[in-house]
Amino acid sequence: MAKKPKLFIAVCTLPVIFLTLVFMIFPMFNAIYLSFTDSTALNVGTASRFIGLDNYKYMFQDKSFFQSLQNTIKLMAVVPVLTLFFSLIFAFVLTQSKLREKAFYRTIFFFPSIISLTIVGIVWSSVFNPNKGILNHLLELLNLENLQHAWLGESKTALWCVAAALIWQAAGYYMVMYIASIDGISKEVYEAADVDGARGIQKFFFITIPLLRNVIGITYVLSLSGTINLSFTLSNVMTAGGPNGASSVLLQYMYTQGMRNANFGYAMAIAMFTLAAAVVLSLLSRRLTDRTD
Amino acid sequence: MKKRLFAAFLATTMIFAGLTGCSSWDSKESSSAGNSDAENSAGNSADQTGEGNAAEQELNIAVFQGGFGDEYWNGVVELFEQEHPGVTVNMTISPTVADIIRPQIVAGNAPDFMALNDSSEDGLILSLMKDKGLMEITDVFDGQNYAETGILREDIKDGLLESSKCAPYTGDQGIYLAPFNTGPQGLIYNKTLFDEKGWKIPATWDEFFALGDTVKEDGRALFTYQGIYPGYLEEVLWPAIASAGGMEAINAICSYEEGSFNNETVLKVLQKIADISTKGYLLKGTVGMNHTESQSEMMLGKAVFITNGTWMESEMAEAPREEGFEFAMAPIPTFHADDVHYVLDSCEQFSIPAGAKNPDLAKEFIRFLYSDESVKLFAEKAGAVYAVKAGRELAKDYVSESTYNMYGIYDETSTASLVMNFESLPSGCKINVSDEVFNPITSVVNGEMTAEQWAESVEAAFAQIRSDKEAADE
């Protein structure tokens, strides 16, 4: 039986190739094509004209586009780093400490990842509600009334409220990945460190982080792309991009242009830009984190 | 080996069969998302054979289910079917009806009739207008009314059919959208409270802010609005501009004229709106609230006024309120005591897509909607008034007293109805006018933007629209 069942393999992969072509490759090339047309949501593929780079030219003069680009960049700079930071801490504490209720915490921390994102958005909207929200009430209890805000209604705070929800819902997910990898680190390493008198923090910085370097690199890229995608849902639910565009993100602006304003071609141009940016960023961050020795 | 190959082949064909199944499935789906229309499948087969047989027809309608509920629509469809034997109406009614019918329109499977607003969040009607995707229905209004007692045009409330609400294209008086309901929008207040305290309805902005100081002593804020939906402030902005600058000012804005928004008159109005917040008359936390939250706060007496329309009474039927709360509506203040108080008229619309399969029956349906029985049914089931001249009187026996009184706002001296609609945008335009006009309000209210900057940003958007228009005309 040394002969490889080539035909069998070919037949088995056919459906997958077909599905990928129909649902991934073809739509992607179609989107690239549409980004050079003035297609509206209603005349897709029929009456749209080829207009060359006009959509891209408009994009680089469009202040709403720049605002959402800026917001997306802010989120990408802050959210992955904080998310992974919390995930690492949680994972380390849950694996290294001798807490009895470990399993309970693990469930609690992972829980947000299995809740629908829309619900996460609604829950956090009520946390930030100016009159009934728990956050303002807590501040009142602590006599910190001057720190109270109409969180989702002020342009200085709205985007960071979305960021908080993003971090909260993703931290547990990456925590589970880290727990798995930490469990893969040989116990002897930690025991040797104990013998040498290393404290918890030292073990974290000198053993856990260096040994998880590769995993951290991968999760960072995952978290970057997660931020681009998920911020759309959360910002849509929590603030609808408001106030005055202060929390709008790229994919949301794409949706607004494509669906509400019926500029499908333009929306595809924004999508192409986002895609290119995401690819470049993940390549970059992979190269940076990959340089192990 | 042969056997395994055969199994794999079978599996592949099954997947393909599933896929082809998908593609034919959505065309049959056209109207099932709505209510319990069991006649659906029967209706579809009638479609193929219906040609030439006028008695056996079907009408596919798509209805936005908003604050008025679905009872009226279920009722009126039943009435229409009773009066037109052989006609089957397939109704899709949903709060997200635009998302349901958009792909159908794209696939060339448009409904025959739509009850959907041009101002709705989804933007479907605006897109159709930009794409010239609506059918002209002027002939419906130039024809007989349903009772055959006169021309339908004469039954409709004055001023609506000529306005850009119904005739959206410049240089084309053709009617593309039929007016549905009508109702004044203004400042909602608690009549009981005003009577008890002996407060007077402020006629001018000075009186408005003076009242603000009085109510502050009573522990209340003067004003709140629907926070994260600043678009509700159109009910203040447009009437205030009309009162200060006349209809010319409004018409100039509607056609995006240069300098129509950044001028002395408009700036004066924008400044008043900014003052409400910067001078401390706005309910704290307003910018972070949604419509139900701010409306509840107002009904609990935290704020004295809120912008809204007559639907608020039914929308908030379940909400807790101050004791003895009675809905009443005041017009927007003006600069001088003798200025005309304009009241923004809300007007939702019906339309027929250009790709409708049965436009004649759809037109008949529109005629029927304006009949007395339909108008009465609407008042009874939805507590609101059709945009016909006899609307308010026909509704009198069915709507609550306070709603009836709110509709009477026009009877007060020196008030006038204002219908406000922007001209249809040129195709390919990437601006959303209402976003550009109203979204900055939150920044202005938060003190992050001045009234002048607001006016400048709107002017910039208007300039972009004008240049898009030139490009489209080329």
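Things worth noting here:
- When B:E258 is tested against the conditions (1) farther than 22 Å from B:E448 by Cα; (2) surrounded by 22 or more Cβ atoms within 10 Å (Cβ to Cβ); (3) over 25 Å from the mean Cα position of the chain (by Cα), the lone failure is (2).
- Candidate set: region A:138-155, residues that are assigned to a loop (DSSP other than H, G, I, E, B) and within 29 Å of the chain's Cα centre (by Cα); chosen: the one nearest to the other protein chains (Cβ to nearest Cβ): A:A150
- Subset of region A:47-66 (residues that are assigned to a helix (DSSP H, G or I) and within 11 Å of another protein chain (Cβ to nearest Cβ)): A:D54, A:N55, A:Y58, A:M59, A:K63, A:S64, A:F65
Condition check ((1) touching a helix residue (DSSP H, G or I) at 6+ places or on another chain (Cβ under 8 Å); (2) surrounded by 15 or more Cβ atoms within 10 Å (Cβ to Cβ)) across all residues:
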{"site": "B:I151", "(1), (2)": "yes, no"}
{"site": "B:E154", "(1), (2)": "no, no"}
{"site": "B:A167", "(1), (2)": "no, yes"}
{"site": "B:T170", "(1), (2)": "no, no"}
{"site": "B:I175", "(1), (2)": "yes, yes"}
{"site": "B:T182", "(1), (2)": "yes, yes"}
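- Residues in region A:132-154 that are buried (at least 19 other Cβ atoms within 10 Å of the Cβ) and not charged (D, E, K, R): A:G133, A:L135, A:N136, A:H149, A:A150, A:W151, A:L152, A:G153.
- Qualifying position, being crowded, with 18+ Cβ neighbours inside 10 Å and at positive phi, among B:G428, B:G391, B:G324: B:G428
- Qualifying residue in region A:77-90 (condition: over 21 Å from the mean Cα position of the chain (by Cα), at pLDDT 90 or above, part of a helix (DSSP H, G or I) and of a type outside the set (A, V, I, L, M, F, W, C)): no
- Helices (runs of 4 or more DSSP H) lying entirely in region B:320-419 (those with 1 or more residues that are closer than 28 Å to B:P111 by Cα and touching a strand residue (DSSP E or B) at 6+ places or on another chain (Cβ under 9 Å)): B:359-369, B:372-382, B:391-395
- For B:K130, the stated conditions hold: it is within 11 Å of chain A (Cβ to nearest Cβ), buried (at least 17 other Cβ atoms within 10 Å of the Cβ) and in contact (Cβ under 8 Å) with a residue 12 or more places away in the chain.
- The one condition in (1) in a loop (DSSP other than H, G, I, E, B); (2) outside the structural domain of B:A240 (by TED's automatic domain parsing) that B:D139 fails to fulfil: (1)
- For region B:403-413, a residue qualifies if it is in contact (Cβ under 8 Å) with a residue 40 or more places away in the chain and either β-branched (V, I, T) or in the same structural domain as B:Y342 (by TED's automatic domain parsing) (or both), and the qualifying residues are B:T403, B:I409.
- A:W124 vs. criteria modelled with pLDDT of 90 or more, within 21 Å of the chain's Cα centre (by Cα) and within 13 Å of chain B (Cβ to nearest Cβ): yes
- For region B:434-472, taking the residues that are under 23 Å from the mean Cα position of the chain (by Cα) and of a type in the set (F, W, Y), the one that is nearest to B:M420 (Cα to Cα) is identified as B:F438.
- Residues (buried (at least 21 other Cβ atoms within 10 Å of the Cβ) and without any contact (Cβ under 8 Å) to a residue 60 or more places away in the chain) located in region B:337-378: B:V375
- Test for B:L152: is it under 17 Å from the mean Cα position of the chain (by Cα) and either under 25 Å from A:S39 (Cβ atoms) or not assigned by TED's automatic domain parsing to the domain that holds B:H341 (or both): no
- Any chance B:G159 is within 18 Å of the chain's Cα centre (by Cα) and surrounded by fewer than 21 Cβ atoms within 10 Å (Cβ to Cβ): yes
- Any hit, region A:98-115, residues being within 14 Å of chain B (Cβ to nearest Cβ) and touching a residue at least 24 places away in the same chain (Cβ under 8 Å): no
- In region A:86-120, the residues that are aromatic (F, W, Y) and surrounded by 13 or more Cβ atoms within 10 Å (Cβ to Cβ): A:F86, A:F90, A:F92, A:Y105, A:F109, A:F110
- Among the residues of region B:284-304, those that are more than 9 Å from chain A (Cβ to nearest Cβ) and either in contact (Cβ under 8 Å) with a residue 40 or more places away in the chain or assigned to a helix (DSSP H, G or I) (or both) comprise B:H291, B:T292, B:S294, B:Q295, B:S296, B:M298, B:M299, B:G301, B:A303, B:V304.
- Helices (runs of 4 or more DSSP H) contained entirely in region A:199-293, each with at least 1 residues that are within 16 Å of the chain's Cα centre (by Cα) and within 14 Å of another protein chain (Cβ to nearest Cβ): A:213-238, A:250-255
- Checked against (1) farther than 30 Å from B:I465 by Cα; (2) touching a Ser or Thr at 6+ places or on another chain (Cβ under 7 Å); (3) in contact (Cβ under 8 Å) with a residue 40 or more places away in the chain; (4) crowded, with 17+ Cβ neighbours inside 10 Å, A:T289 passes all but a single condition, namely (2).
- Identity of the residue in region B:441-474, among the acidic types (D, E) and in a helix (DSSP H, G or I), that ends up surrounded by the fewest Cβ atoms within 10 Å (Cβ to Cβ): B:D473
The values are calculated or read from the model by the stated rules, or taken from the named source; none is laboratory data. Everything numeric here is computed off the predicted structure, so don't read it as measured data. Virtual Cβ from ideal backbone geometry, glycine too; neighbours counted across all protein chains shown.
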